[in-house]
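Student: Quick one: this structure, given as structure tokens, is what I'll be asking you about.
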Amino acid sequence: MPLSHIDEAKRQLAEKMRPLRREAHRRAGRAAAEDLWQQFEDARRQGLIIDSDDVVSGYWPIRDELDTRLLLTGLTDQGIRCALPVVDGRDKPLLFRRWQPGLELVQRSFGLSEPPEAARVLTPRVLLVPLLAVDSRGNRLGYGGGYYDRTLSFLRQSVPIVAVGIAFEAQRLADVPYDRRDAALDWVVTENSTYRCAG
């Protein structure tokens, strides 16, 4: 089946953004994780509310994704429960299992690291979402599997969800192609700044 105009635009943009993110990761170095934590705390001061009983889902970084592990550890130290996504099937929403520092993760395909099945399933209210590109309206270019789009759409049917894109500053663009299948982000936090999406 031929690609739609939007799908082709996404494919071309993804080809451009992969090396760009790789270079941003190389330039930012290890300090990016600490900078991300500081910017995330700044977002909370600007209105990104996380209550003590909320669950925050992060991700275990693969390849050149901006590293959220220090951020998750910092939230855990504040008494906030954290979780990591688990792939439960190709066309299903993600599951989220409890994560704490020191938990031994299970290695999955594509370099993914997930909590073991014994870890409790939680429903996050705040999701930290990896991406390739994002614009000011919260339109996100992902990796093509649609996992986060399905998950956000599913969760938003029953609970108030805040989706926070995690990106290097270089991944912010004026426009990102999108269609009705795509779930928009509410915030974007980079190693340099914090943005509330225009929606």
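Student: Can you give me the Cα centroid spacing of region 93-172 and region 5-59 in angstrom?
Tutor: 11
Student: Give the relative contact order (percent, whole number) for the chain; include only Cα pairs under 8 Å separated by 6+ residues. Don't skip to the answer; put the middle values down first.
Tutor: Working: 386 pairs, mean separation 45.6, N = 199.
With pairs under 8 Å counted, the relative contact order is 23 percent.
Student: Rounded, prolate or oblate: pick one for the chain, where a ≥ b ≥ c are the square roots of the eigenvalues of its C-alpha gyration tensor, a/c under 1.5 means rounded, and failing that, prolate if a/b is larger than b/c, else oblate.
Tutor: Rounded is the answer for the chain, as its axis ratio a/c remains below 1.5.
Student: Given the protein chains as shown and a 1.4 Å probe, how many square angstrom of TYR147 are accessible, to the nearest 10?
Tutor: The value for TYR147 is about 60 Å².
Student: I've got another one for you. Over region 1-135, with the other protein chains present, what is the accessible area per residue in square angstrom, probe 1.4 angstrom?
Tutor: Per residue, region 1-135 has an accessible area of 55 Å².
Student: Which FRET efficiency, nearest 0.05, do GLU169 and ALA118 yield, Cβ-Cβ r, R0 45 Å?
Tutor: That pair, GLU169 with ALA118, gives E of 0.70.
Student: Could you look at region 35-155 and say what percent of its accessible area is carbon and sulfur, using a 1.4 Å probe and all protein chains?
Tutor: Values: 2670 of 5590 Å².
On region 35-155, the fraction of accessible area on carbon and sulfur atoms equals 48 percent.
Student: List, largest first, the extents of the alpha carbons of region 5-69 along their principal axes, each in whole Å.
Tutor: 42, 30, 22
Student: Let me ask something additional. VAL159 versus ARG27, label points 7 Å from Cα toward the beta carbon: distance in nm?
Tutor: 3.8
Student: Then there's this: From zero up to wherever the largest Cα-Cα distance of region 26-143 sits, split into 10 Å bins and tell me the percent of pairs in each.
Tutor: 12, 44, 36, 8
The values are calculated or read from the model by the stated rules, or taken from the named source; none is laboratory data. All values reported here derive from a predicted model rather than from experimental measurement. Reconstructed Cβ throughout: ideal geometry from the backbone, glycine too, with neighbour counts over all protein chains shown. Quick note on the areas: whole protein, heavy atoms, side chains included, nothing else; ligands and nucleic acids left out. Shrake-Rupley method; radii C 1.70, N 1.55, O 1.52, S 1.80 Å.
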